[in-house]
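A short worksheet on the structure shown next.
The values are calculated or read from the model by the stated rules, or taken from the named source; none is laboratory data. Model, not experiment: these values are computed from the prediction. Ideal geometry is used to build each Cβ from the backbone, glycine not excepted, and the neighbour counts take in all protein chains shown. In case anyone asks, the SASA skips ligands and DNA or RNA and just uses the protein heavy atoms, side chains included. Shrake-Rupley method; radii C 1.70, N 1.55, O 1.52, S 1.80 Å.
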Amino acid sequence: MNAPAARNPSLTVQILVALVAGAVVGMVLNPFQDQTLVQTYLVDGLLYVVGAIFVAALKMIVVPLVFVSLVGGVTSLGNLTVLGRMGIKALALYLFTTAVAVTIALTLATAVSPGEGLDVGAAEVEFTGKEAPPLTEVFIDMVPTNPVQALAEGNMLQIIVFAILFGVAVIMTGERGRHVLNLFADLDAIIMRMVEIIMRLAPYGVFALIARTFAQQGMDLILPLLAYFLTLTAALAIHAFGTYSLVLKTFTGLSLARFYAKMRDPAAFAFSTASSGATIPVTLRTVEAKMGVDNSVASFTVPLGATINMDGTAIMQGVATVFIAHVYGVDLGMTDYLMVVLTATLASIGTAAVPGVGLVMLTMVLNQVGLPVEGIALIIGVDRLLDMMRTACNVTGDCTVSCVIAASENALDRTVFDDPDAGSVLGADGHGETPDATHRT
Ligand code: ASP
């Protein structure tokens, strides 16, 4: 039981191995999909159950974690001016990076012209667009009429608003509020421990999720859409490694190599679950325990980012718009491009942090520039894999902005950031944890 820690590969390594092994096993299983044994018992049986349990366990922890952590964060700030300033900075940065993301997507897609010469007949799947909620509703909806319902439904923006108000009231209540404050600090430590327990299941969960996706998808779906797939992948990579590096270096001067090394866990979780919402526990833990961002910042920027910051999704919408325009032979003018930047940025705020929603919100962008919504049917086949990649990009953005805001608020512990082993959860024996890494000040 108490084997030396060094003999156990770190959890991050285990997760990465699981990811690659899952992809390989999935691709091997793909040709055997019509076999009952493979399909019913393995793909839709074992792999499905293990993957679904893992995602359910992650989601289970999101609502209590965000609520408890955010109340703790607000109360530890002890100052409403700081909260307001942080809110404005976060919003500005999240919107700015998203606008840059769509611009990269549009520039690259226009240069590469994916979709030129593609037969429209390829759209075999029907796609009926859903009405995207108007932006006014998004704002009104932020205030919960019933906070219990907001918690029960996991409505992140509503939970954020309620938790902030609750935290503010705790500060204003003075002495009596302090008891509640201590209670929340203790609860937070317990819930973070729960996150670590769930993370230990990750290698199995990640393996099952990835193996099932690859078994179902197969590579042949991608071939006819290769140009679209590659353009989108390139745009995501440019943004994830270029834009964020620039932002991080300019505003914080932190080591980029270290940042990306520490991004491995949340990126792997985001990739395998395709949900930045379900990844919140891992993102929050990484940002706090591994990158040294104080809870007062992270508890606010991470859930907010997971909800409104969707750079990867906006990139998909940019590339998809140009692709669909090409397929249908529609010429987009400068105003159309600006319209796409604006709507994709705003749409990303309204995009729920769950798999596939970005595609639904694409309806809004296409409508805006008068493109046929049915065009979405063309790309739906390859969307799952791309969803995984763009979610990893979304989460990288959340972590970047969290570090930038923490640095600007003097709430970044650079010694934690510079320590490669900070906050790492090691293998089965439990060594290597940093019990105090999540300790609130
Ligand atoms: N799956 C994405 C996320 O959760 C949203 C999307 O683009 O569909 O971040």
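Here are the numbers for this structure:
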| read-out | value |
| --- | --- |
| Residue within segment 248-262 that is open to solvent by 10 Å² or more (accessible area, probe 1.4 Å), within 16 Å of the ligand (Cβ to nearest atom), over 18 Å from residue 197 (Cβ atoms) and within 18 Å of the chain's Cα centre (by Cα) present | no |
| Restricting segment 285-307 to residues that are among the aliphatic types (A, V, I, L, M), open to solvent by less than 10 Å² (accessible area, probe 1.4 Å) and within 15 Å of the ligand (Cβ to nearest atom), the residue that is nearest to residue 106 (Cα to Cα) | 306 |
| Test: residue in segment 363-376 that is in contact (Cβ under 8 Å) with a residue 40 or more places away in the chain and within 12 Å of the ligand (Cβ to nearest atom) | no |
| Scope segment 201-226; condition of a type in the set (A, V, I, L, M) and not in a helix (DSSP H, G or I); matching residues | 201, 219, 221, 222 |
| Residue ranges of helices (runs of 4 or more DSSP H) in segment 119-200 with at least 2 members open to solvent by less than 80 Å² (accessible area, probe 1.4 Å) and modelled with pLDDT of 90 or more | 147-153, 156-172, 175-199 |
| Answer from 42, 95, 58, 106 - the residue that is over 19 Å from residue 297 (Cα atoms), open to solvent by 40 Å² or more (accessible area, probe 1.4 Å) and assigned to a helix (DSSP H, G or I) | 42 |
| Tally, over segment 74-84, of residues that are open to solvent by 60 Å² or more (accessible area, probe 1.4 Å), free of Cβ contacts under 8 Å to residues at least 40 places away in the same chain and in a helix (DSSP H, G or I) | 1 |
| Selection count where residues are within 19 Å of residue 406 (Cβ to Cβ) and either within 12 Å of the ligand (Cβ to nearest atom) or not in a helix (DSSP H, G or I) (or both), scope segment 263-275 | 2 |
| Per-region count, segment 386-406, residues open to solvent by less than 10 Å² (accessible area, probe 1.4 Å), of a type in the set (A, V, I, L, M, F, W, C) and within 15 Å of the ligand (Cβ to nearest atom) | 6 |
| Of all residues in segment 344-359 being open to solvent by 10 Å² or more (accessible area, probe 1.4 Å) and more than 8 Å from the ligand (Cβ to nearest atom), the one that is modelled with the highest pLDDT | 345 |
